[in-house]
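Here is the structure we will look at, set down as structure tokens.
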Amino acid sequence: MGKWVDYYCSNNNKRLKVLINHVLSVHFAWVPLMEYDDFYSLGAQIVWECEEDFDENKKAKFETYLYSCLTKRIKDRITYLNRQKRNCEGNISLDQLLSDEDIYVTDGSFSEHEIDVNILNYLKSLTKMQRTLALMIMNGYSQSDIKEILNLSDKKYSMMFRMMKTHEKTELLLPL
């Protein structure tokens with residue numbers, strides 16, 4: 001093993017996990033904790049590949065090069081996984097971050113056509129960050145886990161939660 005593989009992968013990948021946790025929390029905060037282990041495995045492979053490819057003559061830091069490679073490869077992996085989810089029988093996981101144009105929420109037991117219109121309208125009214133927060137709550141994440149994953153202070157979490165519960169938003173949940 002090379003010096004960078006030793007540095008990042010020693011002590012049960014401690015330094016690599018810190019770096020991957022940062023990449024996931026900054027760029028992909030909605031990824032569930034249960035999937036982090038897959039990204040740790042991918043990260044070990046990326047460290048090895050980066051050490052092979054890194055050119056010290058380019059006057060760049062290895063850490064910078066590794067961070068950009070991790071971010072790109074994690075994004076590629078998430079894109080691949082989301083494509084697989086979309087190709088299933090009409091169900092989409094709650095783990096997928098939803099855009100304004102594509103809101104179908106299921107827990108795996110309903111098709112998107114069985115979701116209450118009021119819930120869909122409510123989710124459409126939220127910002128992407130609020131939607132991510134709502135989906136994490138629906139997935140059973142604790143308040144402390146949500147704040148850690150999304151890197152939210154107590155104040156920011158409370159403010160987002162209050163904004164999600166405003167009269168205009170919750171009114172959308174009432175029957176038509």
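The values are calculated or read from the model by the stated rules, or taken from the named source; none is laboratory data. Bear in mind that the values here come from a model prediction, so they are computed numbers and not experimental data. No Cβ is skipped: glycine too gets one built from the backbone with ideal geometry, and neighbour counts run over all protein chains shown. With ligands, DNA and RNA removed, areas are computed over all heavy atoms of the protein, side chains included. Shrake-Rupley method; radii C 1.70, N 1.55, O 1.52, S 1.80 Å.
I need the full set of residues from segment 58-76 which are open to solvent by less than 100 Å² (accessible area, probe 1.4 Å) and in contact with a helix residue (DSSP H, G or I) (Cβ under 9 Å, 6 or more places away or on another chain), in order please.
Phe62, Glu63, Tyr65, Leu66, Tyr67, Cys69, Leu70, Thr71, Arg73, Ile74, listed by residue number.
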field: Count of segment 39-52 residues which are out of contact with any helix residue (DSSP H, G or I) (no Cβ under 8 Å at 6 or more places or on another chain) and either of a type in the set (Asp, Glu) or modelled with pLDDT under 85 (or both)
entry: 1
statement: The condition from (1) outside any helix (DSSP H, G or I); (2) more than 22 Å from the chain's Cα centre (by Cα) that Trp30 misses is numbered (2)
message: Could you go through segment 15-35 and let me know if any residue there is within 30 Å of Gly140 (Cβ to Cβ), modelled with pLDDT under 85, acidic (Asp, Glu) and out of contact with any Gly (no Cβ under 6 Å at 6 or more places or on another chain).
response: yes
task: For segment 2-57, enumerate the residues that are open to solvent by 60 Å² or more (accessible area, probe 1.4 Å) and at positive phi.
output: Asn11, Asn12
statement: Within segment 62-79, residues being modelled with pLDDT under 85 and among the hydroxyl-bearing types (Ser, Thr, Tyr) number 1
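For every residue, the table says whether it meets (1) under 30 Å from Gly2 (Cα atoms); (2) assigned to a helix (DSSP H, G or I); (3) at pLDDT 75 or above.
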residue: Ala60; (1), (2), (3): yes, no, yes
residue: Leu81; (1), (2), (3): no, yes, yes
residue: Leu94; (1), (2), (3): no, no, no
residue: Leu152; (1), (2), (3): no, no, yes
residue: Lys155; (1), (2), (3): no, yes, yes
residue: Arg162; (1), (2), (3): no, yes, yes
